[in-house]
1. Quick one: angle between helix A:382-396 and the longest Cα principal axis of chain A, in degrees between 0 and 90, rounded to 10, please.
2. Take the cross-link list B:Lys286/B:Lys430; A:Lys234/A:Lys313; A:Lys8/A:Lys234; B:Lys334/B:Lys430 and give me the ones stretching past 28 Å between alpha-carbons.
3. Counting Lys and Arg as +1 and Asp and Glu as -1, what is the net charge of the other residues whose Cβ lies under 14 Å from the Cβ of B:Ala193?
4. Taking the Cα atoms only, what angle lies between the long axis of helix A:33-57 and the longest principal axis of chain A, rounded to 10 degrees?
5. Roughly what angle does helix A:3-27 make with the longest principal axis of chain A, taking Cα atoms, 0 to 90 degrees, to the nearest 10?
6. Per DSSP H run of n ≥ 4, the term is -39500 (n - 2.57); total these for the protein assembly as shown, divide by its residue number, and report the mean residue ellipticity at 222 nm rounded to 500 deg cm²/dmol.
7. With r defined as the distance between the Cβ atoms of B:Ala485 and A:Val479 and R0 fixed at 60 Å, what FRET efficiency is calculated, to the nearest 0.05?
8. Among residues other than B:Pro267 whose Cβ falls under 14 Å from its Cβ, what is the net charge (Lys/Arg +1, Asp/Glu -1)?
Amino acid sequence: MGTEQFQKHILTIITFLPLAGAAVVLLMPRQAAGAIKAAALLVAAATFALSVPLFFWFRTGTPGMQFTVDVPWISLLGQQAIRYSVGIDGISLFMVLLTTFLTMIAIAGSFAGITDRLREYYALMLMLETGMLGVFVALDLVLFYVFWEAMLIPMYFIIGVWGGPRRIYAAVKFFIYTMAGSLLMLVAIIAMAVMKYQATGVLTFSVQDLYGLEMARGTQTLLFLAYALAFAIKVPMFPFHTWLPDAHVEAPTAGSVILAGLLLKMGTYGFLRFCIPFFPEASLAFAPVMVALGIVGIIYGALVALVQPDMKKLVAYSSVSHLGVSVLGIFVFNLQGAQGSLVQMISHGFSTGALFLLVGMIYERRHTRLIEDYGGIWAAMPKYGAVFLIITMASIGLPFLSGFVGEWLVLVGSWLASPWYAVLAASGAILSACYMLWMLQRVLQGPVTREENGSLRDLSFREMAVLVPLVAGTIWLGVYPKPFLERMEPSVDSVIRIVQTAGAESPAYFQSAAAEEAR
Amino acid sequence: MRSGKAAFFLTFAAAAVWAPAARAAQAGPPAAEGGLSLQSLMELLLLSAPAAALCTAATVVMLIGAFWPSSGRRVLPWIALAGIAGTGWATVAAADSRSGSLTTLSLDPFTVAFAFLVLAATAVAVLVSVNYVNREEMARGEYYSLMMFSAAGALLMAAAEDLILLFMGLELLSIPLYVLAGFARAREQSREAALKYFLLGAFASSFLVFGAALVFASVGGTGYHQMALGSMLLGRGADALLAAGAAMVLIALAFKVALVPFHWWTPDVYQGAPTPVTAFMSIVAKAAGFAALVRLVSAGAQGDSQSWNVLLWALSAATMIWGNLLALAQQNVKRLLAYSSIAHAGYLLLGVLAGTVNGISALLFYLAAYGLTTLGAFGVAAFLAGRGDRLETLPDYRGAARRHPFAGALLAVFMFSLAGIPPFAGFFAKLYLFLAALERGYVGLTVIAVLTSVLAVYYYLRVSVVMWMEEPRAEPAEAAGPEPARLSAATLAILAAGVTLLGIFSSPVLRWSERASIAAEQTGRAVPAGSSEMREASPSAERAAPVRGGDAVPLLE
């Protein structure tokens, strides 16, 4: 295959390579544990390696979709209604890269933790990767929905089979919660296609064709709510977050990494890709509600994290708080906010992924996740302490680390919308410093209170190899975010522009904006 | 084994003989006007070719089973399959040579599509049965033969355009099923199922007969076109006799496809009947009922359809809600699947209600997807139950995937498909059905369908939860059983592959079901008032012309 051919089909190859890998892993003999792990890692690494060129081949300065493939898939009513249509823009580019990167890390990170039914586990991890990549590259709503839901199946098994003591409850809750939200979105998807069909006679589910679909205000509101519910559950936004702590705490380490690092991003990605461009007026109308829920999420998540005795639960609630920042950034509808939101998503993928891995690593040594069972382990595990410190700092938004860039941009954006938003959101950042540093202090510093903690093994080479790329990622994104920002800017800008245009055209919004100006 | 081969070909030939008969009939002079000449009798036989061929094959299978009892264990299933294949061939040949319909019976693309659905389902049911009936010591000739007779009844129901023929089809479908439900005579549950099914089934049949009588009293005939004409001429709800008659017919069919509130027999019968019989009945009886419903409703749609739609709406909503709610509480897997099949009848009714080409096509696709899935699910259940069908409850399934990872994976696939989760066929079936329903503006009903699917997810997940996530209970020795025998393992694997691929590659199936639906939608229409009783069916493309506007079928008619 020539480079050109490869470039054209690269997204398809990346998306389905893990699925093919999963089939291979399933066919391997059960006893060959080492070979199974190696094969799974190899497939994930190959997928990552193939996705890296996307970053370089990606043309900056254009908002459109790139690397597109669009072929008929299913004909309905004599029309090629459902299409296999994929492509990426500046928004999904980073989601794809984050997915291939974190899946590779997560697979390498589960070598020690997973000892039972290896074949099934690694095959499911690879299937999960295909599902997630599909969500981020799909440009046809049916294709998108297929990946969006199909991905639940492997995650459900990963939590339910390899998880902690309450794994079944957590897995079923995760599945049903997400499913409940998405089924209404399915109705909304079909309804949009039907409206388009009745208006133009063309039956299509293509995202591009459905942008700018004319609809009555009431209809738009209902459809917006159907989409928003699906994404809000996925993010998860307060008050739809209750599945998250259960799923996170019960999932095996790699499951948590993927959940926090990637699955949650599908919610915010969904807002940016579908909800807002499809329904700009309704998005504007509901912006105050979404902003409020975002801010409540930031503060509530942080406060609950503050009092968690369990490290994993603490990290889980910190995700609610960090994703709140992301939602806030999207719904203030300016470039800074939206870009910040996207950077926050990437940064959160690095830092929270690393935090779950770190928690998992000491759990494998001591089989407890309670903060009170630790203390002063820095002395025994200096490498561990160093990584933990860097990641903590990234998570609370120290300058020159990834968290800072995202949070700062979102704060700027929300200040532009209303200073109050910024003030409230900033309080969340302060609280995050409290719970993270407090955990750091109680776990790593102080006297060694328990005998077992004095003799803990420091990080092995494999564990360092798993963590160092994440640390490198946080530093790169923090020190030199330009390559990221310049790639995402045109696409993010075009989404924001849709809303701003709609706002300018919509009299109600115009009046309130004018009233604000008069004040 | 020479006699085995001979029997094999004999059965195939017995069914396939209908094909040359079809050609011969076509070559002959056109039917004489009026009267029941030999020629028009030939036509009638020709148009009933699918059902007639299957009946012939079933008779041969029964005779072989009677005179060669030892064939029951190994040879007979293959002979039955030969008969089914022969029927398929005869159907195609007959449809090719003389695609058309009398006013009582039609051999249109809908009949053919439906025949293939039923024949495929019957073939799979036979394959799933082999290991089971051998294990349960009920491998007798009648078993396969009864299944084939019952399927022939289903074919007749789908082709019928007259209430009397519909009644014949219904009886031919049901009576073998009553016997099959009680086939595991040793088990009390099975006997109870047979009796219960028979009593309630007979009751439902009497509704159909009485309904037909009322219709006859009102419009002077029992043909669908007469009903359609009657309801058009008499106007909206003007004639109580016709309305009451049609309602009674609807009740009889609702009983057969298990719509709430006519579903009470379902859980007991599904649980008590031998599992492969349950699998067979869950798809074939349901499909036959829906085929008849589609034709009736399409015919009726020309007249007063408003009040019917309200009725169907309510039935559909009640069935989806009640079926799914009760399934939540089930501990026995066969009962769970029984309630799930009730719920699915509610979803299928969405397609009938939409009534468009699109809706009927979605319904056919749904039946295909549901058939594959339910046959597979019951097939796995039949295997896991072990000798004597002892292990049928969810607690019995605990940790079963550790002993049988293959069966566990297959059952998980079937459950996800039943729950309508992509990429499995069940999802695509729901997608097309919802699309058809939303086109006609049934938003409320679609939302009910969606919300009840969330309930459904819970109980379908429970099966995979107990199998994969719970630890095995204290090992009962006989439960450990062997892996599924090679034949049923292969059948189930093919079904699972089908469930996975049918949705992803649904275009060919959709094209085919759309063609069939265009024919079904015409039921009871445009009966030429001229001399010939024979209504010529144009090739589907031509027939499509009035329906297709431009390059698309209009959404709103």
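Since every read-out is calculated from the coordinates, none of them should be taken as a lab result. Values in this document were obtained by computation on a predicted structure and should not be read as measured data. Note that each Cβ is placed from the backbone with ideal geometry, even for glycine, and that neighbours are counted across all protein chains shown.
1. Compared with the principal axis, the helix lies near 30 degrees.
2. Numbers: B:Lys286/B:Lys430 17 Å; A:Lys234/A:Lys313 18 Å; A:Lys8/A:Lys234 31 Å; B:Lys334/B:Lys430 23 Å.
Correct reply: A:Lys8/A:Lys234.
3. So the surrounding residues net to +1.
4. Here the helix axis deviates by roughly 40 degrees.
5. 50 degrees
6. On the way: 45 runs with 791 residues, N = 1076.
One gets -25000 deg cm²/dmol as the mean residue ellipticity at 222 nm.
7. Here the calculated transfer efficiency is 0.40.
8. For residues surrounding B:Pro267, the net value is 0.
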